[in-house]
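The values are calculated or read from the model by the stated rules, or taken from the named source; none is laboratory data. What you see is a predicted model; the values in this text were computed from it and never measured. All Cβ positions, even for glycine, are placed from backbone atoms using ideal geometry, and neighbour counts span all protein chains on display.
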Amino acid sequence: MTTPGFASTPSKSAYDVVIVGAGIMGCSTAWFLTDTPDFNGSVLVLERDPTYEFASTSHTNSCIRQQFSTELNVRISQFTADFLKNVRERMGGDTRVPELSIQNFGYLYLADTERFADVLRDNQKVQVAAGAATELLTADEIAARYPFYSVDDIVLGSINTVDEGYFDGATLFDWWRRQSRERGVEYVAAEVVAMARNAAGNRIESVTLASGEVISCGQVVNASGPRAVETARMAGVDIPVEPRKRYTWIFKAEKPLDVDLPLTIDPSGVHMRENGGGTYMAGGHSDIDPAAAYDDFAMDHALWENHIWPAIANRVPQFEAIKVQQEWTGHYAYNVFDHNAVLGPHPEIANFVFQNGFSGHGLQQSAAMGRATSEWLTYGDYRTLDLRLFHYDRIVSDTPIVERAII
Ligand SMILES: Cc1cc2nc3c(=O)[nH]c(=O)nc-3n(C[C@H](O)[C@H](O)[C@H](O)COP(=O)(O)OP(=O)(O)OC[C@H]3O[C@@H](n4cnc5c(N)ncnc54)[C@H](O)[C@@H]3O)c2cc1C
């Protein structure tokens, strides 16, 4: 059986670029390649599960923020925000592409210690210097603006309501896939199970599919989401990325709030946000947070009862009376080294390119990451944002980029 839009076998035996994984990263990279005038090569995107049942992209909360502690992460989100707000124009003026916007309810980080308040103060300086509109609010200012919060224990908050909130990532994903296909990218439903290196060991020569078919490749992109480590191992390399379970609940409040609920990052580690129509979304994870099995998507009901609900009702007393409507578990591709993206070529296998480890912020980074990876594949260099800071090399040299604003 074939899945619409996915062929069951590649039409050729060799491609200039083979992308392993057709989640949002693989599709973004494929689309940006088709949008790079200097790239004239062939592109094959391979997807082991075209239903996307277990992909991170299917389980996302689809939010974007400017509040990072690393300047480059702020710049990356700025590009995505600009791409989203001009999506039709960016996609060649195609009138079928819907106009998109950001629902700017903002992220509200809450600090209940002076120590974390200092982190928010430091982060705000980085963000404002990069052009973000982050404001610091005292507990009284938070209560004046959002009277529904209980703020007795709060020392400081930081919020930004410009280009920060929900966006329709699913539509972006669909259109990148659809338009790149129309421009000649081949999408094939097939699992990559092995790779072969050349005699010198410094290039990937081919990928092998589960069917046994061998496809030669000029360059290979690892866009395998939480399975990044498996794909890297096929190339004989290691990457500090593992699947970690992240839970989401949609709930209806008996008495809805009268203004949009910012994406609130509570000191308890729980987060919640506006979801429209008197419903809200909450998310979190267990304190014990091991690598998950690839097929483990079981819900943790005790987590909701014992941790998530008490935390949200404590912060917003109106949420004492709520009813869960929907819930799911997804996997982060969790970068255990420094939570940041792992990009660029392997230092010894130059045609094996990483696009991994996005942890909880890959959806909002997908435009900048696709553009950057397409530049690297075309020029062996970056032409817009220089993302070398995120190259795999830093893992080898043990120089983490510590991102302090992690959800
Ligand atoms: C609960 C949750 C909430 C999130 N919320 C946000 C948010 O609010 N904002 C944000 O920016 N990010 C968020 N994220 C993160 C974001 O969704 C991910 O970073 C992003 O979707 C990653 O996309 P991807 O293409 O790298 O991975 P995926 O979507 O997982 O795609 C990888 C694909 O590779 C395929 N694949 C793997 N191995 C092979 C193989 N050997 N052969 C062929 N195909 C293969 C898989 O089947 C999969 O479809 C969230 C994630 C989760 C789980």
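Give segment 347-359 a look and list any residue that's away from the ligand (no atom under 16 Å from the Cβ) and either closer than 16 Å to Cys217 by Cα or surrounded by 24 or more Cβ atoms within 10 Å (Cβ to Cβ) (or both), or say none. Show your work before the answer.
So in segment 347-359, the residues away from the ligand (no atom under 16 Å from the Cβ) come out as 347-351.
Hits for segment 347-359 are Ile349, Ala350, Asn351.
On the given criteria, is Phe148 surrounded by fewer than 20 Cβ atoms within 10 Å (Cβ to Cβ), closer than 21 Å to Ala282 by Cα and touching a residue at least 60 places away in the same chain (Cβ under 8 Å)? In short, yes.
Only residues that are of a type in the set (A, V, I, L, M, F, W, C), closer than 21 Å to Val396 by Cα and not in a loop (DSSP other than H, G, I, E, B): list them for segment 196-247, please.
Let us first name the residues in segment 196-247 that are of a type in the set (A, V, I, L, M, F, W, C), namely 196, 199-200, 204, 207, 209-210, 214-215, 217, 220-221, 223, 228-229, 232, 234-235, 237, 239, 241.
When the remaining residues are screened for being closer than 21 Å to Val396 by Cα, the result is 200, 204, 220-221, 223, 228-229, 232, 234-235, 237, 239, 241.
Of everything in segment 196-247, those that are of a type in the set (A, V, I, L, M, F, W, C), closer than 21 Å to Val396 by Cα and not in a loop (DSSP other than H, G, I, E, B) turn out to be Ile204, Val220, Val221, Ala228, Val229, Ala232, Met234, Val241.
Quick check on segment 370-398: of everything there that is surrounded by 24 or more Cβ atoms within 10 Å (Cβ to Cβ), out of contact with any strand residue (DSSP E or B) (no Cβ under 6 Å at 6 or more places or on another chain) and touching a residue at least 60 places away in the same chain (Cβ under 8 Å), which residue is farthest from Val207 (Cα to Cα)? That would be Arg371. The set of residues in segment 40-93 being small (Gly, Ala, Ser), assigned to a loop (DSSP other than H, G, I, E, B) and within 15 Å of the ligand (Cβ to nearest atom) consists of Ala55, Ser62.
On the basis of being touching a helix residue (DSSP H, G or I) at 6+ places or on another chain (Cβ under 9 Å), modelled with pLDDT of 95 or more, surrounded by 15 or more Cβ atoms within 10 Å (Cβ to Cβ) and not polar (S, T, N, Q), does Ala189 make the cut?
Numbers: touching a helix residue (DSSP H, G or I) at 6+ places or on another chain (Cβ under 9 Å): no; modelled with pLDDT of 95 or more: yes; surrounded by 15 or more Cβ atoms within 10 Å (Cβ to Cβ): yes; not polar (S, T, N, Q): yes.
Here the answer is no, as Ala189 does not meet what is asked.
Looking at segment 304-407, the strands (runs of 3 or more DSSP E) lying wholly inside it that each contain 1 or more residues that are in contact with a Ser or Thr (Cβ under 7 Å, 6 or more places away or on another chain) and of a type in the set (Gly, Ala, Ser) sit at 322-335. Could you check, for segment 284-293, whether at least one of its residues is within 16 Å of the ligand (Cβ to nearest atom), touching a helix residue (DSSP H, G or I) at 6+ places or on another chain (Cβ under 6 Å) and in a loop (DSSP other than H, G, I, E, B)? Yes, segment 284-293 contains at least one residue that is within 16 Å of the ligand (Cβ to nearest atom), touching a helix residue (DSSP H, G or I) at 6+ places or on another chain (Cβ under 6 Å) and in a loop (DSSP other than H, G, I, E, B).
Given the residues Asp238, Asp266, Asp260, which is the only one that is touching a residue at least 60 places away in the same chain (Cβ under 8 Å) and under 23 Å from the mean Cα position of the chain (by Cα)? Steps first, answer last, please.
Working: Asp238 fails: touching a residue at least 60 places away in the same chain (Cβ under 8 Å); Asp260 fails: under 23 Å from the mean Cα position of the chain (by Cα).
On inspection, the qualifying residue turns out to be Asp266.
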